[in-house]
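Have a look at the structure below before the remarks.
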Amino acid sequence: HLLEDAYSLYIASLYFQDKKLYRKASKLLKQELKEQVLPDGAHYEQSPMYHCILLDRLLDCYNFSVHNVRFGQQREMNNFLEDKVKQMLGWLKAIIYEDGSLPLLNDSANGIAPTSREIFDYARRLGLIIEESRLKESGYRKIRLTWGEVILDVGGITASYQPGHSHADTFNYELRINGQPFIVDTGISTYNKTERRQWERGTAAHNTVVVNCQNSSEVWSGFRVGRRANVCVVEEQAGRIVARHDGYGKKCVHQRSFCWNHQYLKIVDKLFSIGSAVSYIHLAPEVVILTQKEKVIETNQGILKIENADSIDLLDDFVSREYNILQPCKVIAIHFTKTITYTILPK
């Protein structure tokens, strides 16, 4: 909100040609953009939806500034704004799916922010060149396969003093097979402080591991986070990412490995402790489970092969791609004790 205030003050200072207001506004705008835009170009609340909202308003600010030069120092400010715009554009280009849609991670929903296509068209009209960034500090990674796309989260919660739009979703991921949603984040349906809001921010609503029925980070009161998971990326190379977090306590470390090639995506969860654990997989509403034979689940889009599970449950649940709209879906709950491995293959 402070960043949005800075945008407004800056534009107002140019409109009214108020030099004193311009000095204050440009100082505040620089300060907030330096703090809120991470080095890889992401907005620090790690919500693709809010990233688009703030990027669209930054484009407005840049547009107004370059076409209304009022003060001698403004050209330097224009260069600064252009750099930040390009950073945020680069992250957006890196995180979106091939069809231009957003992964609905943390507090994100369709129909609220401008689309990536609208934002890129706006940027091009301003003569800006869009170059894809390398995802890093935001914690997100994107894997491109011949048969699909994976967007995964191996980062911690940033904006530590105000993570109001963060979820307890450490090591969550989304997977599309041949351009179609297969494994999805459950999204958000409401900002009201209800049981549904609390559940949607909790770990069980995401494609990751719940230990002893706890959340990996303490989410509460609609927009608050208490104790949170500390994440360490152990290994990152072509075809393999391994990371750990201590969200369930120093004596209960969860390690997740993502391994892939052009035939499969394999996920290995390991617990360095004793406790009951469940690895959740939320299937898109369009996915139909055709057969379940022992520990192989066949769907209309892909096949899951599960190893070392104590038991497997198929649950009924909902996902939300837009506010106030819930769509029924199937959830795979894999119960395990120490280690679980599952492999996803396209059909």
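Around the Cα centre of the chain, unit charges on the Cβ atoms of Lys, Arg, Asp and Glu (plus for the first two, minus for the last two) sum to a dipole of about 820 debye.
Remark: the Ala12-Thr115 segment gains 34.4 nm on full extension, using 0.36 nm per residue and subtracting the alpha carbon distance.
Here's how it looks for Asp185: its modeled amide H is under 5 Å from those of Leu104, which are all 5 or more places away or on a different chain.
Quick one: if the Förster radius is 35 Å, what FRET efficiency do Leu128 and Glu322 give, using the C-beta to C-beta distance and rounding to 0.05? Walk me through the numbers before you get to the answer.
On the way: r = 29 Å, r/R0 = 0.84.
The formula returns an efficiency of 0.75 here.
Computed over protein heavy atoms with a 1.4 angstrom probe, the accessible surface ordering of Glu235, Glu98, Glu218, largest first, is Glu98, Glu218, Glu235.
Going Cα to Cα from Lys305, which lysines come in below 29 Å? Please leave out same-chain ones fewer than 8 positions away. Lys305 reaches Lys142, Lys266, Lys270, Lys293, Lys295, Lys330, Lys338, Lys347.
Restricting things to alpha carbons, find the Rg to Rh ratio for region 285-347 using the Kirkwood radius for Rh.
Values: Rg = 13.1 Å, Rh = 12.9 Å.
Answer for region 285-347: 1.02.
With contacts taken as Cα pairs under 8 Å and at least 6 residues apart, region 278-319 reaches a relative contact order of 27 percent. Remark on Gly155: its backbone amide H falls under 5 Å from those of Phe171, a criterion applied only to residues 5 or more positions apart or on other chains, H modelled at 1.01 Å from N. Summing Cβ point charges (Lys, Arg +1; Asp, Glu -1) relative to the Cα centre of region 138-296 gives a dipole of roughly 280 debye.
Whenever you get a sec, line up Ile53, Ile344, Ile112 from highest to lowest accessible area (probe 1.4 Å, protein heavy atoms).
Details: Ile53 25, Ile344 0, Ile112 80 Å².
Highest to lowest solvent-accessible surface, that is Ile112, Ile53, Ile344.
Across region 102-113, rounded Karplus estimates of 3J(HN,Hα) from the backbone phi angles (6.51 cos²θ - 1.76 cosθ + 1.60, θ = phi - 60°) give 8, x, 8, 9, 6, 7, 9, 8, 6, x, 10, 8 Hz, Gly and Pro being marked x. In terms of accessible area, using a 1.4 Å probe and ignoring ligands and nucleic acids, Phe336, Phe223, Phe71 rank largest first as Phe223, Phe71, Phe336.
Percent relative contact order of the chain, based on C-alpha pairs within less than 8 angstrom and at least six residues apart?
Values: 774 pairs, mean separation 44.3, N = 347.
Across the chain, relative contact order equals 13 percent.
Projected onto planes of every orientation and averaged, the convex hull of the alpha-carbon atoms in the chain covers 17.4 nm². Considering only Lys84, Lys251, Lys266, the Gaussian network model of the chain with Cα springs below 10 Å gives its largest mean-square fluctuation to Lys251. The accessible area of Arg196, taken with all protein chains in place and a 1.4 Å probe, comes to roughly 60 Å².
What does the charge count near Tyr280 come to, summing +1 for each Lys or Arg and -1 for each Asp or Glu among other residues with Cβ under 12 Å from its Cβ? If you can, show how the numbers build up before the last one.
On the way: positive: Lys330; negative: Asp169, Asp185, Asp269, Asp313, Asp317.
Result for the neighbourhood of Tyr280: -4.
Taking the chain as the reference, fit the longest principal axis to its C-alpha atoms, fit the long axis of helix 2-15 to the helix C-alpha atoms, and give the angle between the two in degrees, 0 to 90, nearest 10. Relative to the chain, helix 2-15 is tipped by roughly 20 degrees. Model label sites at Leu290 and Lys193, defined 7 Å from Cα along the beta-carbon direction, differ in position by 4.8 nm.
The fraction of all Cα pairs in region 1-82 landing in successive 5 Å bins from 0 to the largest distance is 3, 15, 29, 27, 15, 8, 3, 0, given as whole percents. By the helix-only formula, in which each DSSP H run with n ≥ 4 contributes -39500 (n - 2.57) and the sum is divided by residues, the chain has a 222 nm mean residue ellipticity of -8500 deg cm²/dmol.
The values are calculated or read from the model by the stated rules, or taken from the named source; none is laboratory data. Keep in mind that this is a model prediction, so the values were computed, not measured. In this analysis, Cβ positions are derived from the backbone assuming ideal geometry, glycine residues included, and neighbour counts consider all displayed protein chains. Keep in mind that these areas ignore ligands, DNA and RNA; they rest on the heavy atoms of the full protein, side chains included. Shrake-Rupley method; radii C 1.70, N 1.55, O 1.52, S 1.80 Å.
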